[in-house]
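Scroll down for the structure; my scribbles are underneath it.
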């Protein structure tokens, strides 16, 4: 019980601190002030279909992204999953994860996130149709995590994250931590979840593209010439995000279940917003989902989401699951997520 009290106090301190920062920065635009924006793309078609309201849901490998504490409720001994999406502007987004349930010892997890920009011609003022060279950009994140149930109602999770972004011949790297907790209340097993994502270092570009030779006095006949130099690049914070959410079964019978979830999110590079979602399940095999993303967020193009899923037990102790998620992005059209996984 002492551990639970300490954790709850820590979460309250974080929440108060987050709210204070929000008050101080309310009149300041923070959009575009962080690096590694791909870390804000959600993982898992189930979560997308439910509007990204996922910090209080558990037992799913995609909790690795939303709240690592949810992994402590993993039912399979081992679970692997892969998620793909054709992101905006023909950008490819992939997320792969694996988790090992060690029973009373907790759950170990790992994930790999990749975002790739299509290759394109290098265009200059002198060669607007291309100068014969090509460029591309990519981003990756690798996580290693651990989750555990401290009691039958309280769970925590933590993970370490390595992040790298590259564009043409330059790149930037950083490190971050994700922390999360979940508590099942006595009130109809209402779950309270809270998580902090991407708490870590700053990132700045370095590489061949920012290197040049410099002549201090602009005279080839005197003084040092062709001095190896670098352009100065700014350091940018990671997209730190604090989530707190609620989830509960609103209706449950032998064959049907309706689960509702809501998340309040405070990012360090935008205004606060709310995600909400519903899931209708039949015999824990067929699923229909709907949600609304980024409610109250300033100038957001996000909105309605929906999806469906299928969970089939191949044999005793082995299951396969497939999910589809759709997210409306207004004038930017839509994004569709598909994931497939195996539990055994």
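The values are calculated or read from the model by the stated rules, or taken from the named source; none is laboratory data. Only a predicted model underlies this, so the values are computations on that prediction, with no experimental measurement involved. Positions of Cβ are backbone-derived with ideal geometry, glycine not excepted, and every protein chain shown enters the neighbour counts.
Below, the figures for the structure above:
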item: Strands (runs of 3 or more DSSP E) wholly inside segment 142-227 that include at least 3 residues being within 15 Å of residue 72 (Cβ to Cβ); result: 154-167, 170-184, 191-200
item: Segment 324-333 - residue that is modelled with pLDDT under 95 and in contact with a helix residue (DSSP H, G or I) (Cβ under 9 Å, 6 or more places away or on another chain) and, of those, surrounded by the fewest Cβ atoms within 10 Å (Cβ to Cβ); result: 333
item: Index of the failed condition, residue 60 passing every other in (1) crowded, with 17+ Cβ neighbours inside 10 Å; (2) at pLDDT 90 or above; result: (2)
item: Residue count for segment 249-264, restricted to those that are without any contact (Cβ under 8 Å) to a residue 60 or more places away in the chain and either closer than 17 Å to residue 56 by Cβ or assigned to a strand (DSSP E or B) (or both); result: 8
item: One residue from 182, 211 being in contact with a strand residue (DSSP E or B) (Cβ under 7 Å, 6 or more places away or on another chain), exposed (fewer than 14 other Cβ atoms within 10 Å of the Cβ) and either in contact (Cβ under 8 Å) with a residue 12 or more places away in the chain or farther than 16 Å from residue 137 by Cβ (or both); result: 211
item: Qualifying strands (runs of 3 or more DSSP E) (wholly inside segment 272-323; at least 3 residues being loosely packed, with under 15 Cβ neighbours inside 10 Å and touching a strand residue (DSSP E or B) at 6+ places or on another chain (Cβ under 7 Å)); result: 304-315
item: Qualifying positions in segment 243-268 - more than 18 Å from residue 35 (Cβ to Cβ) and touching a helix residue (DSSP H, G or I) at 6+ places or on another chain (Cβ under 9 Å); result: 243, 244, 245, 263, 266
